[in-house]
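Okay, structure first, notes after.
Computed from the coordinates by the stated procedures, all read-outs in this text should not be read as laboratory data. The model shown is predicted, which means the values in this text are computed figures rather than measured ones. All Cβ positions, even for glycine, are placed from backbone atoms using ideal geometry, and neighbour counts span all protein chains on display.
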Amino acid sequence: MDDLPGFITVETADQDGLPLSIAWTLRDGSVKHTLIQPDSDWLDDEMISLGSYSMEELATMGVSPLDVIQELEQDHFNATLYTAGIADDEAALSRLFDTYGMDPFIELAPAESLYPELSVGEWSQARRELFAELGLEPMRPEDEIQVMLALHQRMRLDDDNET
C-alpha cells in the first residue's frame, strides 16, 4: 500500500460549511475519524442545524478544531488529499483554519482525478454501487473514506489484471 493516496472528507451541517465530523486515511490505509466541537464563533445563529448530532454530543465526544488541525498536520502536512466533495470539504476546512487565522497546509483534489480511465459519471456510478454493496451511508465521513479506499483498491486491482 505504499502508493495509497490520502483521502479526506468532512461532514457539514449547513451551506456555510459548519464542520461536524471529519475522517481521513493514514498512510497504512487505516482511517482516522472524529467529531468536531463547534467553535463558539460558529454558533452565532440560534437556529443553526447540527445535522444528526446534538450540541452535547459534539461538545463531549468531539475534539477542538485546533486539535483536528494539529492531527491533520501530523498526518498530512503539505500533502494533496483526495475527496468526493471538493467544494464542501474546502469550505469546511477553510472554516477550521480561519478560526485560528491559519492558511491550509493541505491541498484538495477530486478523487475521480486518480482514475483518468473513468469519466466522472462512471466514477460516481461505481461509488454509488459500492455504497450499496457495502451497506454504507453516503455523507458519513468514515463511510465515505471506506468507499473511496475500496474503490481505489478495485481500480488498482483492475489495472494490475490488465497488465
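Counting Lys and Arg as +1 and Asp and Glu as -1 over every other residue whose Cβ lies under 11 Å from the Cβ of residue 99, the net charge comes to -2. Residue exposure proxy: 41, 88, ordered by other Cβ atoms within 10 angstrom of their Cβ from fewest to most, comes out as 41, 88.
Computed over the chain, the P(r) curve from all C-alpha pair distances, binned at 5 Å from the origin, holds 1, 9, 18, 22, 19, 14, 9, 5, 2, 1, 0, 0 percent per bin. Placing +1 on each Lys and Arg Cβ and -1 on each Asp and Glu Cβ, with no other charges, gives the stretch 1-137 a dipole about its Cα centre of roughly 320 debye. Treating the Cα atoms of the stretch 91-135 as identical point scatterers in vacuum, please give the log10 of the normalised Debye intensity I(q)/I(0) at q = 0.23, 0.28, 0.33 Å⁻¹, two decimals. Those come out to -0.78, -0.92, -1.10, one per q. Once the C-beta distance of residue 102 and residue 133 is scaled by a Förster radius of 41 Å, the resulting FRET efficiency is 0.60 to the nearest 0.05.
For the options 55, 139, 148, a Gaussian network treatment of the chain with springs between C-alpha atoms closer than 10 Å singles out 55 as fluctuating the most.
Arranged from fewest to most other beta-carbon atoms within 10 Å of their beta carbon, 7, 131, 77 become 77, 131, 7.
Largest GNM mean-square fluctuation among 62, 17, 121, using the chain with Cα springs under 10 Å: 121. Under the simplified labelling scheme, the residue 54-residue 125 pair shows an inter-label distance of 4.4 nm, with each label point 7 Å from Cα along Cα→Cβ.
Can you sort 60, 12, 25 so the residue with the fewest Cβ neighbours within 10 Å comes first?
Details: 60 10, 12 22, 25 25.
With the sparsest Cβ surroundings first, the list reads 60, 12, 25.
Placing unit charges on each Cβ (+1 for Lys and Arg, -1 for Asp and Glu) gives the stretch 6-162 a dipole about its Cα centre, and among 134, 145, 81 the Cα reaching farthest toward its positive end belongs to 134.
Seen from every direction in turn and averaged, the convex hull around the alpha carbons of the stretch 88-163 projects onto 6.2 nm².
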